[in-house]
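The values are calculated or read from the model by the stated rules, or taken from the named source; none is laboratory data. What you are looking at is a predicted structure, and each value in this text was computed from that prediction instead of being measured. Using ideal geometry, Cβ is built from the backbone for each residue, glycine included, and neighbour counts are taken over all protein chains shown.
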Amino acid sequence: MGLRTQTQRRASCVVKFVSTRGHAVSQSATECLLKSLAEDGGLYVPEHFPKLDLARFSPDMSMAEFGAELLLPFFKETELESHIRSICEAAFNFSIPLVETKVGRNLFVLELFHGATAAFKDVGARFLSHSLAHLGQSGTVIVATSGDTGGAVASAFANRPGFRVVILYPRDKISKRQEKQLTSWGPSVRAFSVNGTFDDCQRMVKTALADSALSKQHKFISANSISIGRLLPQVIYHARASLQYRARTKKSATLIVPTGNLGNAVAALWAKKMLFPIDRVILATNANRTLYDYFESGRFEVRTARSTLANAMDVSAPSNFERLAHLYPDFETLKKDVMVFTVLDSEIEAAISSGVQTYGHVWCPHTATAVASLEKAQSTTHQIDAVLVATAHPAKFETVVEPLIGNTVQVPPLLAETLRGSSVSVDLEPDFTSFKRALG
Ligand SMILES: *Cc1c(COP(=O)(O)O)cnc(C)c1O
């Protein structure tokens, strides 16, 4: 292909983002990085998906190479276009391997937990942080966390000049090691321990972001999983893993994704939409059954969040649901591409207990929901060619995991480093007025 045609072809697929609710002006990806919600209260989604030339992608490419190729159409003609490669190189500074299990050659594990805070949230948080730095931004990154987002965001922004971080987390509903990752960064990261649920934290953050005076005063930047800056980079590892899986098995993978706010699973579906070889996406949820019931009844009914062993998924109102519904306006098509299972704590425990013997892996409680979902899916369908998406390292949840496997879990060096810091947090009631006062 000549240079000229290539340029034309690429220029023709500049992707704008529109609101799921359809009443906001379209924006470029770079503009979306600086916003949270669209003006009409919806979430940004690509207006169309770029027609990628899949021949340009190889399973052997690094995350940075693969990522730059995949994301370029989204950042074309924006300030970040010429930086996307170096942003990917800086952001993806850890390995994301597709690892075999001992049950047979068609079941693999995508290990997303080798970054600084040992959960997949490092991917999006680091990409967002490097992108904002390239844009010369500064301000207060505000985030509600069900366990892992806060740590990843704190780690990605803590030493960046011009940035502060505000984290809200539900008290006593996250693991001690997760809490340490939120609270031990020094004065540039303020952690609020909220006497409530993750949904309370999420609501308070949304209210803060919607309060334009407060937003202006603190220069708020959202880093929740609704942020395009977190969602887009997550597409990369699903896409890359699907090609690696096909190279190794000659099959298209079903991706089994531990799901809370639906960010990771929507990213997987976006990769499928861009024609990477993904057969289906299975949403593995814990006892919070909003999505499960929705697939059964077609009705989206939010209940109070329940605390489970897979605490980073204790979400009753998944914030990316609008994106899922927007991607699949037809319920029957949705049910063809996507399945959902709900997994009880007892089933999480059983999956962890038998993990080493059956699969040769130690599972974290979140990844265990994917394993239990696979087993449920296999009991009805003959054989599933699957990738289990491993969202966190088991060492973050040692008090759950170690008694079940009867062994200690080795702590990765970067996690060990964070755990050595001292912890500071501020107690908060779950109402916006208290939060506003505490922010000062
Ligand atoms: C955040 C998180 C999830 C849920 O991911 P969503 O994108 O919110 O669906 C699953 N597992 C772990 C370990 C997490 O930190």
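Among the residues of the range 339-354, count how many are within 16 Å of the ligand (Cβ to nearest atom) and out of contact with any helix residue (DSSP H, G or I) (no Cβ under 7 Å at 6 or more places or on another chain).
Matching residues across the range 339-354 total 1.
Could you give me the residue pairs with C-beta distances under 8 Å whose first residue belongs to the range 357-368 and is in contact (Cβ under 8 Å) with a residue 12 or more places away in the chain, whose second residue is within 16 Å of the ligand (Cβ to nearest atom) and hydroxyl-bearing (Ser, Thr, Tyr) wherever it lies, and which are 6+ apart or on separate chains?
364/391; 365/308; 366/391; 367/391
Pairs only if they're at least six apart or on different chains, beta carbon under 6 angstrom, first in the range 316-328 and free of Cβ contacts under 8 Å to residues at least 40 places away in the same chain, second surrounded by fewer than 21 Cβ atoms within 10 Å (Cβ to Cβ); list them, first residue then second.
328/334
Looking at the range 101-111, which of its residues are more than 14 Å from the ligand (Cβ to nearest atom) and in contact (Cβ under 8 Å) with a residue 24 or more places away in the chain?
Initially, the range 101-111 is screened for residues more than 14 Å from the ligand (Cβ to nearest atom), giving 101-108.
Those that are more than 14 Å from the ligand (Cβ to nearest atom) and in contact (Cβ under 8 Å) with a residue 24 or more places away in the chain: 101, 102, 103, 105, 106, 107, 108.
State the number of residues belonging to the range 62-103 that are crowded, with 17+ Cβ neighbours inside 10 Å and closer than 18 Å to residue 276 by Cβ.
Residues flagged as crowded, with 17+ Cβ neighbours inside 10 Å and closer than 18 Å to residue 276 by Cβ within the range 62-103 amount to 16.
Checking the condition acidic (Asp, Glu) and crowded, with 21+ Cβ neighbours inside 10 Å, which residue from 172, 199 passes?
199
Applying the selection to the range 309-338, what residues are within 18 Å of residue 202 (Cα to Cα) and either assigned to a helix (DSSP H, G or I) or away from the ligand (no atom under 11 Å from the Cβ) (or both)?
311, 312, 313, 316, 317, 321, 322, 323, listed by residue number.
Quick check on the range 236-257. Is at least one of its residues modelled with pLDDT under 90 and within 16 Å of the ligand (Cβ to nearest atom)?
Within the range 236-257, the first condition is being modelled with pLDDT under 90, and the residues that meet it are none.
No: the range 236-257 contains no residue that is modelled with pLDDT under 90 and within 16 Å of the ligand (Cβ to nearest atom).
Determine which member of the set 377, 395 is within 16 Å of the ligand (Cβ to nearest atom), buried (at least 16 other Cβ atoms within 10 Å of the Cβ) and under 24 Å from the mean Cα position of the chain (by Cα).
Details: 377 fails: within 16 Å of the ligand (Cβ to nearest atom).
Going through 377, 395 in turn, just one is within 16 Å of the ligand (Cβ to nearest atom), buried (at least 16 other Cβ atoms within 10 Å of the Cβ) and under 24 Å from the mean Cα position of the chain (by Cα): 395.
How many residues are farther than 17 Å from residue 229 by Cβ and part of a strand (DSSP E or B) when one looks only at the range 149-165?
1
Quickly run through the range 1-55 and pick out the residues that are polar (S, T, N, Q), at pLDDT 90 or above and surrounded by fewer than 17 Cβ atoms within 10 Å (Cβ to Cβ).
Filtering the range 1-55 for residues polar (S, T, N, Q) gives 5-8, 12, 19-20, 26-28, 30, 36.
Keeping just the survivors that are at pLDDT 90 or above gives 19-20, 26-28, 30.
Hit for the range 1-55 is 26, nothing else.
Any idea which of 287, 271, 305 is in contact with a strand residue (DSSP E or B) (Cβ under 7 Å, 6 or more places away or on another chain) and in a loop (DSSP other than H, G, I, E, B)? Give the steps one after another, and end with the answer.
Working: 271 fails: in a loop (DSSP other than H, G, I, E, B); 305 fails: in contact with a strand residue (DSSP E or B) (Cβ under 7 Å, 6 or more places away or on another chain).
Of 287, 271, 305, the one residue that is in contact with a strand residue (DSSP E or B) (Cβ under 7 Å, 6 or more places away or on another chain) and in a loop (DSSP other than H, G, I, E, B) is 287.
With the structure loaded, tell me whether residue 362 is within 13 Å of residue 283 (Cβ to Cβ), at pLDDT 95 or above and within 16 Å of the ligand (Cβ to nearest atom) or whether it fails that test. Show your work before the answer.
Values: within 13 Å of residue 283 (Cβ to Cβ): no; at pLDDT 95 or above: yes; within 16 Å of the ligand (Cβ to nearest atom): yes.
No; evaluated as a whole, the condition is false for this residue.
Looking only at the range 202-223, count every residue that is modelled with pLDDT under 90 and buried (at least 24 other Cβ atoms within 10 Å of the Cβ) and tell me the total. Give the steps one after another, and end with the answer.
Going through the range 202-223, the residues modelled with pLDDT under 90 turn out to be 202, 206, 209-210, 222-223.
When the remaining residues are screened for being buried (at least 24 other Cβ atoms within 10 Å of the Cβ), the result is 202, 222-223.
Residues in the range 202-223 being modelled with pLDDT under 90 and buried (at least 24 other Cβ atoms within 10 Å of the Cβ): 3 in total.
Across the range 112-148, what is the number of residues that are within 24 Å of residue 170 (Cα to Cα), more than 12 Å from the ligand (Cβ to nearest atom), assigned to a loop (DSSP other than H, G, I, E, B) and in contact with a strand residue (DSSP E or B) (Cβ under 7 Å, 6 or more places away or on another chain)?
Summing the residues that are within 24 Å of residue 170 (Cα to Cα), more than 12 Å from the ligand (Cβ to nearest atom), assigned to a loop (DSSP other than H, G, I, E, B) and in contact with a strand residue (DSSP E or B) (Cβ under 7 Å, 6 or more places away or on another chain) in the range 112-148 gives 0.
Can you find a residue that is small (Gly, Ala, Ser), out of contact with any Leu (no Cβ under 6 Å at 6 or more places or on another chain) and part of a strand (DSSP E or B) anywhere in the range 243-260? Reasoning before the result, please.
The initial filter retains those residues of the range 243-260 that are small (Gly, Ala, Ser), namely 247, 252-253, 260.
Among the residues that remain, those that are also out of contact with any Leu (no Cβ under 6 Å at 6 or more places or on another chain) are: 247, 252-253, 260.
From what's left, part of a strand (DSSP E or B): 253.
Looking for residues that are small (Gly, Ala, Ser), out of contact with any Leu (no Cβ under 6 Å at 6 or more places or on another chain) and part of a strand (DSSP E or B), one finds at least one in the range 243-260, hence yes.
More than 15 Å from the ligand (Cβ to nearest atom), touching a residue at least 24 places away in the same chain (Cβ under 8 Å) and closer than 21 Å to residue 395 by Cα, is that true of residue 171? Steps first, please.
Working: more than 15 Å from the ligand (Cβ to nearest atom): yes; touching a residue at least 24 places away in the same chain (Cβ under 8 Å): yes; closer than 21 Å to residue 395 by Cα: yes.
Answer is yes for this residue.
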